[in-house]
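Taking it in order: structure first as structure tokens, then the write-up.
The values are calculated or read from the model by the stated rules, or taken from the named source; none is laboratory data. It should be emphasised that the depicted structure is a prediction, and the values quoted were computed from it without experimental measurement. Quick reminder, even Gly has a Cβ in these numbers, built from the backbone with ideal geometry, and neighbours come from all protein chains shown. Side chains included, ligands, DNA and RNA excluded: accessible areas come from the protein's heavy atoms. Shrake-Rupley method; radii C 1.70, N 1.55, O 1.52, S 1.80 Å.
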Amino acid sequence: MTLLENAEVSTRLPAQDLDRARAFYRDKLGLEPVEERPGGLRYECASGGFSLFASAGKPSGEHTQMAFEVDDIDAVVEQLRSRGVVFEHVDVPGLRTTNAIAEVAGNYPSTGAIGERAAWFRDSEGNLLGIGQPLYAGGSN
């Protein structure tokens with residue numbers, strides 16, 4: 001066992017404009033910070049949390065920087081679209097979105113999943129965020 005095995009993990013995302021980022025997370029995602037400090041906002045979800053920090057640097061936006069696991073991705077995508085979130089269109093060998101959602105075979109077998117349904121969008125700062133719904137044999141979550 002290592003000292004990190006029992007650690008709680010939290011994501012840190014850069015924001016060039018913290019006020020703009022706060023408005024995006026509030027208005028588009030329905031999230032409010034649980035803690036504020038100069039240069040930073042901290043959010044908590046049902047399991048885990050993340051922070052936005054003021055940064056002059058820009059995210060690469062070329063990979064998923066944070067993901068939310070949900071029980072009903074169709075409902076979440078629909079709700080976020082109604083709030084103005086624009087989803088990424090992906091069409092690369094082995095991965096294609098249809099109506100913003102991709103089927104990803106083989107993801108997370110250690111949890112008993114046979115894959116996941118996933119969607120991606122960018123926040124106001126260019127961070128690439130994902131939404132995933134695990135798929136289990138027999139269709140139960």
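Using a probe of 1.4 angstrom, how much of the accessible area of the chain is carbon and sulfur, in percent? Intermediate values should be presented prior to the final figure.
On the way: 4310 of 8670 Å².
C and S fraction of accessible area: 50 percent.
Probe 1.4 Å, all protein chains in place: accessible area of VAL86 in Å², nearest 10?
Rounded to the nearest 10, the figure is 110 Å².
Need one number: nm distance between label points at LEU4 and THR98, each 7 Å from Cα along Cα→Cβ, rounded to one decimal.
Distance between the two pseudo-spin positions: 3.9 nm.
Nothing charged except the Cβ atoms of Lys and Arg (+1) and of Asp and Glu (-1): what's the magnitude of the dipole of the chain about its Cα centre? Round to the nearest 20 debye.
Values: 13 positive and 21 negative charges, 69 e Å.
Dipole of the chain, to the nearest 20 debye: 320 debye.
What translational diffusion coefficient, to the nearest whole µm²/s, does the chain have by Stokes-Einstein, given a Kirkwood radius computed over alpha-carbon pairs, a temperature of 25 °C and 0.890 mPa s viscosity?
Details: Rh = 16.3 Å.
In µm²/s, the coefficient rounds to 150.
Could you order SER124, SER82, SER51 by accessible surface area, starting with the largest, using a probe radius of 1.4 Å? Present the calculation step by step, with values, prior to reporting the outcome.
Values: SER124 40, SER82 95, SER51 15 Å².
From most exposed to least exposed: SER82, SER124, SER51.
With the crude spin-label approximation of a point 7 Å out along Cα→Cβ, what separation in nm comes out for LYS28 versus THR11?
Rounded to a tenth, the inter-label distance reads 1.3 nm.
Taking a point 7 angstrom from the Cα of GLU44 along the C-beta vector, which residues in the range 1-27 have backbone N less than 14 Å away?
Residues passing the 14 Å test: 8-10.
With the other protein chains left in place, how much accessible area per residue, in square angstrom, belongs to the range 18-77 at a 1.4 angstrom probe?
Per-residue accessible area for the range 18-77 comes out at 60 Å².
Any chance you could get the radius of gyration and Dmax over the Cα atoms of the range 42-106, in Å?
Rg, Dmax (Cα atoms, Å): 14.2, 37.
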